[in-house]
Amino acid sequence: MRSARSESKTCAEVARGEGMKYFARAMKKLLSANEAVAHGVLHSSVRVAAAYPGTPSTEILETVAKLRAAASFEWSVNEKVAFEVACGAAMAGGRAIAAMKQVGLNVAMDPLMTIAYVGVTGGLVLVSADDPGMHSSQNEQDNRVLARFARCPTFEPADSQEAYDMTRAAFDLSEKFRVPVILRLTTRTSHTSGVVELPDEPPPARDLLPYVKDARARVSVPANAKLMREAAERRTAALAAESEASAFNFALDGVGGTAFVASGVAWQYVREVFPRCPAFKVGFSWPLPVEKLRAFAKGKTRLVVVEENDPVIADGMRAAGIDVYREQTPLRTGELNPARLRALSAELFATPAPVAAAPAAVPPRPPVLCAGCSHRGVFHVLRKLGATVCGDIGCYTLGAAPPLSALDTTICMGASIGNAMGMRKAGLGSKRIAAVLGDSTFFHSGMTGLLDLAYNGGKVTVVVLDNRITAMTGHQDNPGTGRTLMGEPAKEADIAGIARAVGIGKVFEVDAYDLKEMEALLKDCLDGDEPAVVVAKGPCVVNAKLVGKSVRKTDETKCVSCGACFRLGCPAIVRKARAGEPVNGRDWAAGVDASLCSGCTLCEQVCPKKAFSAAE
Amino acid sequence: MEKTNVNISLVGVGGQGILLVSHLVAAAAMREGFDVKKSEVHGMSQRGGSVTSQVRFGEKVFSPILCDGESDILVAFERTEALRHAGLVKPTGRVLVNDMDIVPVGVSMGSVPPAENLDARVAALPGVMRIAALPLALEAGNARCANVVLAGALASWLPMARESWEEAIRARLPEKLHAVNLKAFDLGFAAASGEAK
């Protein structure tokens with residue numbers, strides 16, 4: 001293999017051979033775009049950073065906390081609150097940032113649509129980390145469409161260096177135009193690490209900009225809002241001029257009449273697959289720099305727009321009367337990659353089409369609930385009781401997979417309670433209807449649904465899987481953990497207390513590992529005549545490691561190979577070949593993988609023959 | 001330009017320390033002045049699922065991801081994953097396999113059949129080298145260093161100097177783990193170098 005070992009300066013210069021140099025640089029670090037945004041925050045004199053964890057955005061606030069990059073930083077209870085906190089800080093004259101995944105912005109849309117009218121004093125940046133390809137999301141919405149909807153200028157970094165540069169530029173732009181700026185990342189940029197050049201000396205810290213009470217400017221009642229709306233349109237015209245002049249929007253010369261326009265990580269694929277073609281990089285993507293694009297289009301025979309998911313840039317260009325090539329190669333759904341652009345190349349230049357490798361004949365390895373997970377027992381009981389179960393967003397969504405097959409629905413954060421109520425009110429025949437959600441999801445948006453259940457009634461049992469952590473996204477603190485992101489102690493929110501306070505009569509707490517108690521309780525609640533809440537308590541096993549007394553073992557002579565334990569879907573329960581004669585015609589018996597077992601004892605509780613016991 | 005890039009895919013099972021190794025490759029390459037990109041996917045994949053990370057370095061790297069037939073090197077931390085991702089390797093590429101199995105849950109529960117002829121199929125991978133990382137990790141002093149054993153073996157195929165790897169290890173891990181991991185790295189490097197002779 002040939003190496004490209006050359007002088008480091010040369011490589012760095014080649015690496016930064018395109019794009020703008022927004023700041024003088026002196027130091028190099030290997031950073032993901034999420035980490036680069038946090039470094040941008042560190043170097044922008046930010047007062048407040050707020051977020052609710054959500055893949056792929058989570059590491060932004062985690063890194064802000066690690067760097068202590070803002071004066072104050074928090075895990076908010078949800079994205080709406082996170083953004084409202086950031087809006088408040090920006091109205092007060094401080095710089096602020098809120099970060100969320102793409103569906104999180106749905107929750108924060110309400111404040112976004114109006115803060116864009118009201119405007120800000122301190123710079124306000126909203127990070128939307130979209131998830132083309134749905135690596136860890138329930139939908140593939142392209143939040144670039146919201147830029148125009150909310151009238152907020154938008155930057156789309158194509159790598160970690162741009163994520164840093166654009167974060168700093170976003171704060172400046174926000175203050176210049178008194179408008180929130182959207183920084184749109186994607187899973188691929190968020191979770192790709194690259195070389196980032198940073199200044200040795202961060203800029204000096206800044207005080208708050210002066211705050212002057214101005215109700216006409218900040219109280220969005222109709223009389224004021226009508227004026228704000230007109231102002232927002234004038235601002236958009238000024239922003240269009242700014243985008244035309246922005247160095248984040250630039251053209252590269254090339255050979256031939258076929259030219260490309262791309263934004264975000266799609267730019268990297270264009271440069272990879274079509275390195276010699278003329279290309280226009282859109283970095284400041286709303287308002288779209290249509291005049292610059294019109295000039296670029298001059299003399300080109302075909303203008304091919306490569307963008308992930310929705311045709312936002314292509315439609316913007318067509319609306320401006322610029323002719324855009326209509327490709328036949330499907331590019332609209334899923335994540336783009338070099339192979340898909342090679343398929344496009346086959347269409348454009350009759351190059352050989354890429355050949356995908358035949359899928360290997362190997363067993364699948366999907367993600368599963370961990371051995372010893374405190375959610376497993378709840379799902380086991382709900383399945384046994386034949387309940388219709390509206391699920392929610394978290395690790396426990398994995399309970400939908402066989403063999404637990406425990407969920408009927410999953411829509412969005414907090415939807416379980418409303419969905420279950422709706423099913424009941426529609427008259428669904430199912431005798432037993434449950435809503436299942438985690439502690440963090442309950443705090444995020446389950447509480448309001450529960451209040452509605454208490455208020456409007458409905459025979460629904462809400463099970464809160466309370467593992468005292470936001471587990472799926474990597475164990476972030478929440479109001480139930482008793483600790484803030486800043487590392488300070490906080491009052492632990494009491495879920496049963498909240499349920500009682502909103503007016504639920506039947507509220508119980510149960511040990512998530514006690515199947516007998518759980519079954520009796522859930523049966524009573526599901527068959528009762530009123531709303532009920534069951535808080536199933538058990539710490540996340542990834543944090544707690546051993547949840548029970550000790551690892552389990554099996555006794556082959558007692559096992560009758562009935563398979564009851566396997567229906568728990570525990571990765572620690574394995575088939576092992578019998579040493580003795582087959583039993584019930586089966587040559588295998590249940591065994592325990594001691595390296596995975598957490599000692600939760602569920603297997604012992606479901607085994608009809610007492611084949612499981614504590615190992616020494 | 002693209003010809004000079006080194007393209008590596010690392011695959012395995014959540015919890016095997018794949019992301020640490022891809023970080024070490026990227027950090028060592030950056031130290032030597034290469035442009036680097038390292039991609040990974042978090043989230044659902046952490047719960048015992050199949051995990052992939054990719055590293056590319058060279059004069060200038062554009063795409064952070066590699067598609068089928070684009071990797072010079074595939075590092076598989078587990079044999080079933082080696083077969084699952086074998087399509088990523090160039091026909092002229094090489095495969096480094098950790099000679100161990102983590103049985104997929106579906107197989108251990110009896111709901112899906114195991115991979116057939118696993119051993120023969122692994123042996124037939126292009127330019128395959130097998131390293132049993134666990135015994136070497138135990139020799140170094142900690143079973144959890146198996147991933148760094150593989151990093152050492154991989155290093156024998158790459159242009160970066162040992163100092164760059166050492167610096168990457170020291171910068172990434174807490175001090176009390178430096179000695180054991182450096183030993184694991186050296187054992188992996190030596191095993192792969194011996195194998196190649």
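Structure data summary
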item	result
Antiparallel DSSP beta bridges within chain A, percent to nearest 5	30 percent
Structure-based [θ]222 nm, chain B - -39500 (n - 2.57) summed over DSSP H runs of at least 4, per residue, nearest 500	-11500 deg cm²/dmol
Expected 222 nm ellipticity per residue - DSSP helices of 4 or more, -39500 (n - 2.57), all of chain A, to 500	-10000 deg cm²/dmol
Extreme residue, positive dipole direction of the protein assembly as shown, given options A:GLY599, B:ALA123, A:PRO352 (C-beta unit charges)	A:PRO352
Peptide-level mean, for B:99-106, of C-beta atoms on other protein chains within 10 Å	5
Net charge contributed by nearby residues that have their C-beta within less than 13 Å of B:ALA76 (K/R +1, D/E -1)	+2
Formal net charge of residues neighbouring A:PRO56 (Cβ-Cβ distance under 11 Å; K, R +1; D, E -1)	-2
Formal net charge of residues neighbouring A:LEU568 (Cβ-Cβ distance under 13 Å; K, R +1; D, E -1)	+4
Unsatisfied cross-links (Cα-Cα over 32 Å) in the set A:LYS176/A:LYS226; A:LYS176/B:LYS60; A:LYS101/B:LYS60	A:LYS176/B:LYS60
Shape call, the range A:25-183: gyration tensor on alpha carbons, a/c limit 1.5	rounded
Members of A:LYS28/A:LYS281; A:LYS459/A:LYS506; A:LYS29/B:LYS37; A:LYS281/B:LYS38; A:LYS558/A:LYS610 lying beyond 18 Å, as alpha-carbon distances in this model show	A:LYS28/A:LYS281; A:LYS281/B:LYS38
Size of charge dipole - the range A:98-197 - debye, nearest 20, with Cβ of Lys, Arg +1 and Asp, Glu -1, no other charges	320 debye
Euclidean distance between Cα centres, the range B:175-197 to the range A:412-474, Å	52 Å
Partner chain coverage, peptide A:351-357 - average Cβ within 10 angstrom	3
Check: chain A dipole with +1 on Lys, Arg Cβ and -1 on Asp, Glu Cβ, in debye	480 debye
Global geometry of the protein assembly as shown, whether rounded, prolate or oblate, following the gyration tensor of its Cα atoms and the 1.5 cut on a/c	oblate
Residue mean of other protein chain beta carbons inside 10 Å, B:109-116	5
Backbone HN-Hα couplings from phi across the range A:28-42 [Karplus 6.51/-1.76/1.60, Hz, Gly and Pro as x]	10, 9, 8, 9, 6, 4, 4, 5, 5, 4, 4, 5, x, 5, 4
For the range A:442-550: relative contact order, % (alpha-carbon pairs under 8 angstrom, 6 or more apart)	35 percent
The range A:490-529-the range B:114-168 distance, computed between alpha-carbon centres (Å)	49 Å
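Quick note: the coordinates plus some simple rules give every number you see, no bench work behind them. If you're wondering where the values come from, they're calculated on a predicted model, not measured in any experiment. FYI the Cβ positions are ideal-geometry reconstructions off the backbone, even for glycines, and counts take in every protein chain you see.
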